[in-house]
Amino acid sequence: MAKNEKCTKNYHTDTRLVTTGRNPEENDGFVNPPVIHGSTVIFKSTEELYSGKAKYSYGRRGTPTTNALRDALTDLEGAAGTVLVPSGLAACSLALLAACKSGDHVLITDSAYEPTRHFADTVLISMGVEVDYYDPLIGADIGTLFKDNTSAVFTEAPGSQTFEMQDIPAIVKAAHARDILVLLDNTWASPLYFDSMGHGVDMTIQAGTKYIVGHSDVMLGAVSANEKAWPRLEAVHGAMGYHVGPNDVYLALRGLRTMGVRLRQHQESALEIAKWLEARPEVDRVLYPALESDPGHAIWKRDFKGACGLLGVVLKDCTQKQAFAFIDALELFGLGFSWGGFESLITYVDPRSYRTATSWDEPGKLIRLHVGLEDVADLKEDLEKGFAALKI
Ligand SMILES: *Cc1c(COP(=O)(O)O)cnc(C)c1O
């Protein structure tokens, strides 16, 4: 949908999170937009229907509920428009579909979310699209991989399992010189901590399931695009027939209002846990770009405004059994996929199982933590139990 006219004021981010995408005047004064369950829209006349001027035409094409979230995200991203899809993965696949056609070549970072790779290796390949993976640290040298038919570069910064920071401005510069689109899975930083459009990204992806929803109770995705990429994104989204149910959209809108304060707390707690972990004798390396010791820290500091609650921990050399004992000993860190909710989570990660352009050479076992909103002292105590079980 078009740019949000309601929110043209230059408020700071926290204020925009509160004000954007809602208009009490349109809803009898109620603070939040209504949850519209609807497919058919009844028109007053053939004139209203066929003039194309009606605000709403059919549930799949937008309702007051879905448009409120689209407006809000378009505003926060500084984008030309936003579409909603039923999951974060659907956002990754839709953006890729909108950025290439049969015969094109796309470049995907070797650190990309693994199901994104799976989509490329199955669907894109079967469509006759060439897919190559590249070193996430490649920077401006991405230009050496361009072919005459390269249509898009897919980025993710930092990678959600291995946490390499990508030099997005350098990649954008090289790509735009050849009229190649740059896509970014911006779920880790969210629009609050990385300004994708401001850094030249053409399409930016959010797994709304994570921090936008923020409560582990909804799956949702969004893709926002700049003026150049928006017409194609909107057309492909419409052709695919995607629609997200109103209750889920409503919960995402509700989550958005508190995203600023939540993220600040996730960041504060995660940084404290990261520093504490770094000092542990059982830990080889902590992967968290906000840490000064992280190899991506300089880029993070230059380009990002903050960090979320997701980080990686490379344990000193140990067996998988020992790492599993660490995980199984924890109580507050739940063993489960996803992240971005209020609760702490842990998973075991093996990047060797999917990397192709680069190798993952860390000798130690890698675990991933999502630091939730619990008290940090309790989280440390929980991790102590894990270290006691690890027995390195
Ligand atoms: C979780 C995640 C996705 C996919 O989101 P779903 O809603 O689980 O489909 C995409 N990208 C990243 C970086 C993620 O962490």
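Using modelled backbone amide H atoms (1.01 Å from N, in-plane), which distant-in-sequence or interchain residues come within less than 5 Å of residue 87's amide H?
221
Using 0.36 nm per residue, how much length does the chain from residue 380 to residue 258 gain when fully extended, once their Cα-Cα distance is taken away? Before the final figure, lay out each step's value.
Numbers: separation 122, 0.36 × 122 = 43.92 nm, distance 2.53 nm.
Contour length minus Cα-Cα distance gives 41.4 nm.
Return the FRET efficiency for the residue pair residue 14, residue 319: r is the Cβ-Cβ distance, R0 is 51 Å, and the value is rounded to the nearest 0.05.
Numbers: r = 46 Å, r/R0 = 0.90.
It comes out at approximately 0.65.
I'd like to know which of 126, 32, 90 lies farthest towards the positive end of the charge dipole of the stretch 13-257, counting +1 on Cβ of Lys and Arg and -1 on Cβ of Asp and Glu.
Of the candidates, 32 comes out farthest on the positive side.
Roughly how many debye, to the nearest 20, is the charge dipole of the chain about its Cα centre, given +1 on each Lys and Arg Cβ, -1 on each Asp and Glu Cβ, and no other charges? Show your work: numbers first, answer last.
Values: 38 positive and 51 negative charges, 167 e Å.
Dipole of the chain, to the nearest 20 debye: 800 debye.
On a straight-distance basis, which aspartates and glutamates could pair with residue 380 in a cross-link, Cα separation under 15 angstrom, same-chain partners fewer than 8 positions away excluded?
268, 272, 278, 282, 331, 343
For the stretch 260-390, what is the percent of antiparallel DSSP beta bridges, rounded to the nearest 5? Intermediate results must be reported in sequence, preceding the final value.
Working: 14 of 16 bridges.
Here the antiparallel bridges make up roughly 90 percent for the stretch 260-390.
Could you sort 44-51, 89-96, 141-148 so that the peptide with the highest average Cβ count within 10 Å comes first and the rest follow in order? Provide the component values of the computation, followed by the final result.
Values: 44-51: 10.1, 89-96: 25.1, 141-148: 14.5.
Those peptides, ordered most packed to least, come out 89-96, 141-148, 44-51.
Indicate, rounded to the nearest 5 percent, the antiparallel portion of the DSSP beta bridges found entirely in the chain.
Values: 25 of 44 bridges.
For the chain, the DSSP antiparallel bridge percentage is about 55.
What are the semi-axes of the equivalent ellipsoid for the stretch 164-206, taken as the square roots of 5 times the Cα gyration tensor eigenvalues, largest first, in whole Å?
Details: eigenvalues 64, 21, 14 Å².
Values for the stretch 164-206, descending: 18, 10, 8 Å.
Between residue 265 and residue 144, what length in nm is gained on full extension when 0.36 nm per residue of separation is reduced by their alpha carbon distance?
On the way: separation 121, 0.36 × 121 = 43.56 nm, distance 4.08 nm.
Extending this stretch completely gives an extra 39.5 nm.
Is the shape of the stretch 260-390 rounded, prolate or oblate, going by the alpha carbon gyration tensor and its root eigenvalues a ≥ b ≥ c, with a/c under 1.5 for rounded and a/b larger than b/c for prolate? If you can, show how the numbers build up before the last one.
On the way: a/c = 1.56, a/b = 1.08, b/c = 1.45.
Taking the square roots of the gyration eigenvalues as a ≥ b ≥ c, the stretch 260-390 is oblate.
Testing the spin-label approximation: label points 7 Å from Cα along Cα→Cβ at residue 343 and residue 55. State their distance in nm.
3.9
If you count, for each residue, the other Cβ atoms within 10 Å and average over each peptide, how do 277-289, 235-247 line up from highest to lowest? Please report the intermediate quantities before stating the final value.
Values: 277-289: 18.3, 235-247: 15.6.
The densest-packed peptide leads the list: 277-289, 235-247.
Expressed as a whole number of Å, what is the distance separating the alpha-carbon centroids of the stretch 293-330 and the stretch 9-78?
So the two Cα centres are separated by 40 Å.
Just check the stretch 190-234 against the gyration tensor rule for me: Cα atoms, a ≥ b ≥ c as the square roots of the eigenvalues, rounded for a/c under 1.5, and otherwise prolate or oblate depending on whether a/b exceeds b/c. Can you show the working numbers first?
On the way: a/c = 4.80, a/b = 1.66, b/c = 2.89.
Taking the square roots of the gyration eigenvalues as a ≥ b ≥ c, the stretch 190-234 is oblate.
For the chain, what does the relative contact order come out to in percent, with C-alpha contacts under 8 Å and a separation of six or more? Don't skip to the answer; put the middle values down first.
Working: 797 pairs, mean separation 62.5, N = 392.
Computed value for the chain: 16 percent relative contact order.
Residue by residue, what Karplus-based ³J(HN,Hα) values in Hz, rounded to whole numbers, does the stretch 207-217 have, using 6.51, -1.76 and 1.60 with θ = phi - 60° and x for Gly and Pro?
Using θ = phi - 60°, the values come out as 7, x, 3, 7, 6, 5, 5, x, 10, 6, 10 Hz.
Applying the Karplus parametrisation 6.51 cos²θ - 1.76 cosθ + 1.60 with θ = phi - 60° to the phi angles of the stretch 150-156, what ³J(HN,Hα) value in whole Hz is obtained for each residue in order, glycine and proline being reported as x?
5, 10, 7, 10, 9, 10, 8
Whole-Hz ³J(HN,Hα) for each residue in the stretch 350-360, computed from phi via Karplus 6.51 cos²θ - 1.76 cosθ + 1.60 with θ = phi - 60°, x for glycine and proline: what do you get?
10, x, 4, 6, 10, 5, 10, 7, 9, 9, 9
Which value, in debye to the nearest 20, describes the size of the charge dipole of the stretch 129-274 about its Cα centre when Lys and Arg Cβ atoms bear +1, Asp and Glu Cβ atoms bear -1, and nothing else is charged? Before the final figure, lay out the partial values.
Numbers: 10 positive and 18 negative charges, 106 e Å.
The dipole of the stretch 129-274 has a size of about 500 debye.
For the stretch 192-281, just the Cα atoms, rotate onto the principal axes and tell me the three extents in Å, largest first.
54, 33, 24 Å, listed from the longest principal axis down.
Do the alpha carbons of any pairs in 147/365; 275/385; 173/301; 228/301; 44/228; 210/391 sit beyond 26 Å of each other, and which pairs?
147/365; 228/301; 44/228; 210/391
Using the Cα centre of the chain as origin and beta-carbon charges of +1 (Lys, Arg) and -1 (Asp, Glu), tell me which of 12, 297, 359 is placed farthest towards the positive end of the dipole.
Farthest towards the positive pole: 12.
Quick check: net charge around residue 317, other residues with Cβ under 9 Å of its Cβ, Lys/Arg +1 and Asp/Glu -1? Could the numbers behind the result be given before it?
Working: positive: 316, 365; negative: 284.
Value of the local net charge: +1.
Nearest 500 deg cm²/dmol is fine: what mean residue ellipticity at 222 nm does the chain get from its DSSP H runs of n ≥ 4 alone, each adding -39,500 (n - 2.57), divided by its residue count?
Calculated from helices alone, the mean residue ellipticity at 222 nm is -10000 deg cm²/dmol.
So what are the stretch 1-145's ellipsoid semi-axes, whole angstrom, largest first, if each one is the square root of 5 times an eigenvalue of the alpha-carbon gyration tensor?
Details: eigenvalues 272, 92, 36 Å².
Its equivalent ellipsoid spans semi-axes of 37, 21, 13 Å.
Around residue 339, what is the net charge, scoring Lys/Arg as +1 and Asp/Glu as -1 over all other residues with Cβ under 15 Å from its Cβ? Don't skip to the end; give the middle numbers.
On the way: positive: 210, 262, 368; negative: 114, 156, 185, 217, 343, 374.
That works out to -3.
Once a ≥ b ≥ c are taken as the square roots of the eigenvalues of the Cα gyration tensor of the stretch 337-378, is the result rounded (a/c under 1.5), prolate (a/b larger than b/c) or oblate (a/b not larger than b/c)?
On the way: a/c = 4.03, a/b = 2.32, b/c = 1.73.
It is prolate, given that a/c is not under 1.5 and a/b is the larger ratio.
Please quote Rg/Rh for the chain to two decimal places, taking the Kirkwood radius as Rh and restricting both calculations to Cα atoms.
0.99
No lab work stands behind these numbers, since they all come straight from the coordinates. All values reported here derive from a predicted model rather than from experimental measurement. Cβ sites come from the backbone with ideal geometry, for glycine too, and all protein chains shown count toward neighbours.
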